[in-house]
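The values are calculated or read from the model by the stated rules, or taken from the named source; none is laboratory data. A quick note: this is a predicted structure, and the numbers were derived from the prediction, not measured. Glycine gets a Cβ as well: all are built from the backbone with ideal geometry, and neighbour counts include every protein chain shown. Surface areas here come from the heavy atoms of the whole protein model, side chains and all, with no ligands, DNA or RNA. Shrake-Rupley method; radii C 1.70, N 1.55, O 1.52, S 1.80 Å.
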Amino acid sequence: MAFALLALPLVTAAHHARPAPFGDRLTVHARGAGQGAAEPVVRTSDRAVRAYDPASGGPRWTYTREGRRPVTSLAAPGHALTLWNDGLVTDTARTDGGSVRWHRAVPASADWLRTPAARGGAGVLQPLAPGARILAVVTPQRIAAYRTADGDLRWVLPARPGCAFAPARAVRREGALLIAQPCAGPGTSWTSQVVAVDDYGRIVPGRTPLGNGDLRRGADGHGRPEK
């Protein structure tokens with residue numbers, strides 16, 4: 001019995017010493033940031049994502065990943081969305097830094113992010129719905145859209161054969177995101193080298209898109225996607 005009591009602190013210490021998934025390290029500096037607190041300003045440095053209190057300027061939380069660096073980030077209501085140099089996208093609770101809600105790997109993006117063509121991740125993270133309820137991740141090979149509430153993959157749009165999306169060459173027009181898709185072959189019409197998307201996917205005549213609503217709570221207490 002005495003041996004078991006002595007071993008308990010060692011077991012507890014080992015539990016806390018386990019490496020965090022994806023090399024995450026989230027440090028909260030100011031725990032007073034609760035419900036109703038103003039959302040912090042989010043900035044990326046060479047090695048970390050940091051949130052600063054908008055009134056005092058003091059640090060609120062810091063998020064790092066072992067051996068990785070943030071490429072770019074997007075601050076949205078309740079969310080701090082970050083693209084990392086290994087092609088991982090993460091969502092951190094913006095107000096208090098209480099958790100990293102989800103991680104999503106973007107296929108075949110790590111090598112591209114190291115090239116000048118990536119322009120430091122410009123245009124890769126694109127909000128598609130009010131309050132950034134849907135996040136588009138744009139890379140040359142594809143556009144993938146995620147529901148920010150839970151990281152659920154909503155739709156994927158591959159680039160046309162012989163073409164590639166150019167994330168940095170995107171503009172917004174009346175609720176639509178227009179993204180350049182330059183093609184290598186001659187004779188390709190300019191209209192086919194631009195795609196328009198919104199939170200439901202590619203905008204084409206006569207489409208019947210699926211719903212992308214927020215999670216709502218059912219009678220059994222479980223979250224369900226709202227259609």
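Charged side chains reduced to their Cβ positions (Lys and Arg at +1, Asp and Glu at -1) give region 40-176 a dipole of some 280 debye around its Cα centre. Put E39, E66 in order of accessible area, highest first, and with a 1.4 Å probe you get E66, E39. Label zone (V28, point 7 Å along Cα-to-C-beta; backbone nitrogen cut-off 15 Å) within region 60-100: 60-63, 92-100. Solvent-accessible area of region 74-158 (1.4 angstrom probe, protein heavy atoms only): carbon and sulfur portion equals 54 percent. Computing FRET efficiency as 1/(1 + (r/R0)^6) for V156 and R43, where r is the C-beta to C-beta distance and R0 is 35 Å, gives about 0.70. The charge dipole of region 49-116, taken about the Cα centre with unit charges on the Cβ atoms of Lys, Arg (+1) and Asp, Glu (-1), comes to about 40 debye, rounded to the nearest 20. The gain in end-to-end length when the Q141 to S189 segment is fully stretched comes to 15.3 nm, 0.36 nm per residue minus the alpha carbon separation.
How would you order 69-79, 177-187 from highest to lowest mean count of nearby Cβ atoms within 10 Å?
69-79, 177-187
Taking 0.36 nm per residue of sequence separation and removing the Cα-Cα distance, the A176/A196 pair yields an extension gain of 6.6 nm. Annotation for A105 and T208: the two label points, set 7 Å from Cα along the Cα-Cβ direction, are 3.6 nm apart. Summed over the residues of region 54-147 and divided among them, the accessible surface reaches 37 Å² per residue at a probe radius of 1.4 Å.
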